[in-house]
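The values are calculated or read from the model by the stated rules, or taken from the named source; none is laboratory data. None of the values given here were measured: they were computed from a predicted structure. Please note: Cβ atoms are built from the backbone with ideal geometry, for glycine as well, and neighbour counts cover all protein chains shown.
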Ligand code: SF4
């Protein structure tokens, strides 16, 4: 059976129809973007930091096998068990075996996008392991049976009443609790006993340091440090691309990460794990899952520089107005749109079209990934590899939906960035770009299309002769 | 072939030309102010507090005033009594009953208001720093380093500690409708006491 491409437009439509959620989502993420800008303006060396971060990452990726070997040797020397997983299935098997060996039935974990990639909970739970997400947002998503909708703030698409309902069902709290403080306290109270009795703890990680065999975990809630230090068994899962050569390189990345992500100078916790704690056992699983293949994609390998800050998502007008879940993938937003197709080209074929090509993602990226150029390149690749009708229909549908609701462009962004506030024209211009021959249009924007068409007719005719469109 | 060898072989075959991507020298950039005022501003921005002595205060009286309801005050330092010593706490379950933990940090980072703790300060019971409700951190101004670059370049702890955490204020979350809540799952408050 052929995999069906994610119907991003249809999913986004449902999100767009829900005004309170949409408005909050849009404004919350834009607020994170603005806080990031404020932090950036405080550092005259910001652009220098970005250049350094990019250069360090590119160097590391070009020397990845050597650095991974160096990391492995140092980590082993410090008493860490190092495992390698070619894909999600192998990752899950490795984790399952470690837990089984220890007779561990209760696993507490902090947020890890890699374990989402591997769909680890779905593997462990039928094998009798209770997995408890301890990050508040991730826990909300777990209880609601949803994927994280954002890589940094997993439940950002939910409002207080949504959380109150979920907690009421699972924690027996007041379904009408409208205080975020008391809901967060409910999570603390519910999590603490589980943490104190867990058999094993699991974390993700933000960085591997080759020089010392250290992995670094950046978090805010304290749940990752609890998960790592309360049980005597700590398993960490990281993608093989998360490595830097020297401990001294961490300065560049820590200074960029939280400022880009949340607009705070640093996360509340920046934790360096170099070996097991006294009496404890530590495992690290290095996960490939498509990364080594991506390294060989000439136009897309630099996406491996990503430090998962989420800044490109916060700034993206399409992401803000469609919600992470509409992408139907572990990674959403601009970064998702350029890496998801490497996991499953057909399934995620529509995602690179979910962009206005305004370039804002590229401008905010702390490691200088040319995200919007890669989006454009993916469109070409996908147009060559896949049937166009489906993709095209969906793009048009999405464009029509967005165009049809001018209030959606209201906004948060007024007057701050011309490119973003002129969304409708950009959406239209760019979504149609690869299809020079396309004639139908959502009617509210006929005018704009005509001016676009006049301007681009010749150029696009030429291009479409080269492609298969 | 093992997955390890397959992955490494694929990386070797696929990687971009290493010669075209040199490693830049270590960066030490930005503001080099290693002062106390900068540290305090940064700490307070992230919700941390300064435990200020009043006339005639000792650490003990300052803690008593700041945490009047605290029953279990656990000390990880030789020069402060508390109600229990960290050496006498033997498990995370026991540590979870702590109201206030008093520790000494070997260094702080002025840029961020961060303090560092490792197993050396926590008597190898690392969870104690996160299970306690509140933490009081003794810090000396002379142990401040300017920023993240200088911290990673200068401090040997990053090369020696098995567990090394930079804590910057208390645990926090904004996962419910973007509302910032200080005191999420780890410590509810973090206070610095200058010595
Ligand atoms: S692509 Fe860049 S901006 Fe987006 S999450 Fe990754 S590092 Fe952050």
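Among the listed residues A:59, A:81, A:102, A:21, identify the single one that is touching a residue at least 40 places away in the same chain (Cβ under 8 Å), in the same structural domain as residue A:241 (by TED's automatic domain parsing) and farther than 20 Å from residue A:213 by Cα.
The match here is A:102.
Looking at (1) over 30 Å from residue B:27 (Cβ atoms); (2) within 13 Å of chain B (Cβ to nearest Cβ); (3) surrounded by fewer than 19 Cβ atoms within 10 Å (Cβ to Cβ), which one does residue A:76 not meet, given that it meets all the others?
Condition not satisfied by residue A:76: (1).
So residue A:157 clears everything in (1) within 9 Å of chain B (Cβ to nearest Cβ); (2) within 22 Å of the chain's Cα centre (by Cα) except one condition, right? Which one?
(1)
Please verify whether region B:130-149 includes one or more residues that are surrounded by fewer than 22 Cβ atoms within 10 Å (Cβ to Cβ), in contact with a helix residue (DSSP H, G or I) (Cβ under 9 Å, 6 or more places away or on another chain), within 9 Å of another protein chain (Cβ to nearest Cβ) and not in a loop (DSSP other than H, G, I, E, B).
No - not one qualifying residue is present in region B:130-149.
Go through region A:192-217 and report how many residues are out of contact with any helix residue (DSSP H, G or I) (no Cβ under 6 Å at 6 or more places or on another chain), closer than 30 Å to residue B:22 by Cα and at the interface with chain B (Cβ under 10 Å from one of its Cβ atoms).
2
If a residue has to be more than 15 Å from residue A:269 (Cβ to Cβ), more than 8 Å from every other protein chain (Cβ to nearest Cβ) and part of a helix (DSSP H, G or I) to count, how many in region A:219-256 make the cut?
The number of residues fulfilling the criteria is 2.
Looking at region A:342-363, which of the residues that are under 16 Å from the mean Cα position of the chain (by Cα) and crowded, with 23+ Cβ neighbours inside 10 Å is nearest to the ligand (Cβ to nearest atom)?
It comes out as A:361.
Quick check on region A:318-338: of everything there that is within 12 Å of the ligand (Cβ to nearest atom) and outside any helix (DSSP H, G or I), which residue is nearest to residue A:291 (Cα to Cα)?
The extreme case among them is A:331.
Among the residues that make up region A:263-275, is at least one of them buried (at least 24 other Cβ atoms within 10 Å of the Cβ) and within 18 Å of the chain's Cα centre (by Cα)?
Yes, the conditions are met somewhere in region A:263-275.
Among the residues of region A:212-222, is any in contact with a strand residue (DSSP E or B) (Cβ under 8 Å, 6 or more places away or on another chain), in contact (Cβ under 8 Å) with a residue 40 or more places away in the chain, away from the ligand (no atom under 16 Å from the Cβ) and closer than 22 Å to residue B:4 by Cα?
Looking for residues that are in contact with a strand residue (DSSP E or B) (Cβ under 8 Å, 6 or more places away or on another chain), in contact (Cβ under 8 Å) with a residue 40 or more places away in the chain, away from the ligand (no atom under 16 Å from the Cβ) and closer than 22 Å to residue B:4 by Cα, one finds at least one in region A:212-222, hence yes.
What residue, of A:235, A:254, A:243, is more than 16 Å from the ligand (Cβ to nearest atom) and assigned by TED's automatic domain parsing to the domain that holds residue A:53?
Sole residue among the options that is more than 16 Å from the ligand (Cβ to nearest atom) and assigned by TED's automatic domain parsing to the domain that holds residue A:53: A:235.
Counting only residues that are at the interface with chain A (Cβ under 7 Å from one of its Cβ atoms) and touching a helix residue (DSSP H, G or I) at 6+ places or on another chain (Cβ under 6 Å), how many does region B:118-129 have?
Qualifying residue count, region B:118-129: 2.
Considering only residues that are more than 8 Å from every other protein chain (Cβ to nearest Cβ) and touching a strand residue (DSSP E or B) at 6+ places or on another chain (Cβ under 6 Å), look in region B:1-42 and name the one that is surrounded by the most Cβ atoms within 10 Å (Cβ to Cβ).
Across region B:1-42, the extreme among qualifying residues is B:39.
If you take the residues of region A:366-383 that are surrounded by fewer than 22 Cβ atoms within 10 Å (Cβ to Cβ) and more than 11 Å from the ligand (Cβ to nearest atom), which of them is farthest from the other protein chains (Cβ to nearest Cβ)?
Once the filter is applied, the top-ranked residue is A:383.
When you check residue A:259 against the structure, is it within 12 Å of the ligand (Cβ to nearest atom), more than 23 Å from residue A:23 (Cβ to Cβ) and under 16 Å from the mean Cα position of the chain (by Cα), yes or no?
no
State all residues of region A:304-317 that are buried (at least 24 other Cβ atoms within 10 Å of the Cβ) and either within 14 Å of chain B (Cβ to nearest Cβ) or away from the ligand (no atom under 12 Å from the Cβ) (or both); if no residue qualifies, say none.
If the condition is that a residue be buried (at least 24 other Cβ atoms within 10 Å of the Cβ) and either within 14 Å of chain B (Cβ to nearest Cβ) or away from the ligand (no atom under 12 Å from the Cβ) (or both), then A:304, A:310, A:314, A:317 are the ones that fit.
Restricting to region B:150-181, count the residues that are within 7 Å of chain A (Cβ to nearest Cβ), part of a helix (DSSP H, G or I) and surrounded by fewer than 22 Cβ atoms within 10 Å (Cβ to Cβ).
Residues meeting the conditions: 2.
Tell me which residues, restricted to region A:180-191, are without any contact (Cβ under 8 Å) to a residue 40 or more places away in the chain and within 9 Å of chain B (Cβ to nearest Cβ).
A:180, A:181, A:183, A:185, A:188
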